[in-house]
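Derivation of every value follows stated rules applied to the coordinates shown; laboratory data play no part. Please read these numbers as outputs of a predicted model, since none were measured by experiment. Cβ: placed from backbone, ideal geometry, glycine included. Neighbour counts: every protein chain shown.
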């Protein structure tokens, strides 16, 4: 993210995957298309494309002509993207089922593909919207430009393309300590990880659960996005008086969560309560890993953390200055 980037010895910056990660089944930001797409370059030279709720930052590596071709391809792919999504919002906000029709737009189809494996529980294609947009932009670049690195950050959901021996660091934002990372994900070209996404009740979106953040590593950003949403929903203490909830519709009248209760505050929890809530999320994450839907997940709640997935420890480095506790890996 823009406020979470820093240079390091690994190729590319450290970007926050959670600072504005998704916590529910849609962004809180209104979706109607207004205004015009905005194209700028930041002080660091990176391309920034934004339109309504879509906010993309591109980290591109390669020869100058390759980067220029990639930026041109991104601009073409971005043209009309939001309008196409808005045209299919009724379908995209509807729960996915066996008879759900396929959308028409390219990004909408990615969203539907990403959530269909999770159709055994309540989910709508909006659970994958940010990741699907990032994936779409990445594929547009790869089809037309030979860049050696393309990392597209859409509000904390990140699509990644690396070649050769390149590695990339993505920071997991620590919600309890501004400016710190709860951990660092290192992704390599041969790791099979093409997407990183984060969800939690403290983000800009609604969540049914109480996780501060759930970060997922998967083959695509859309798949990571959907899985992070559902794992974060599972980190919960149903009926606990320590959790304040409100109907989603009261907060966002057009929310696809309808009258479902979403988390608006979580009081300080006991270590036992935290363990129970994280344990529920771990069970769901383990199921997703076993089904081949994700590679790994990092779950955090009030300073406690759990890691799920074979090879998780190699991919994730937890930074500990004495303020963190309760980390671990659950395979």
### Task
Once you have the Cα-Cα distance between residue 76 and residue 98, take 0.36 nm times their residue separation minus that, and quote the gain in nm to one decimal.
4.5 nm
### Query
For the residues 235, 151, what sequence is obtained by ranking on other C-beta atoms within 10 Å, fewest first?
151, 235
### Message
Please compute the modelled spin-label separation between residue 167 and residue 291, points set 7 Å along Cα→Cβ, answer in nm with one decimal.
### Response
3.2 nm
### Query
What Rg and what Dmax come out for region 15-317 when only alpha-carbon atoms are used, in angstroms?
18.2, 58
#### Entry: Residue order, fewest to most surrounding Cβ atoms within 10 angstrom, among 144, 268
268, 144
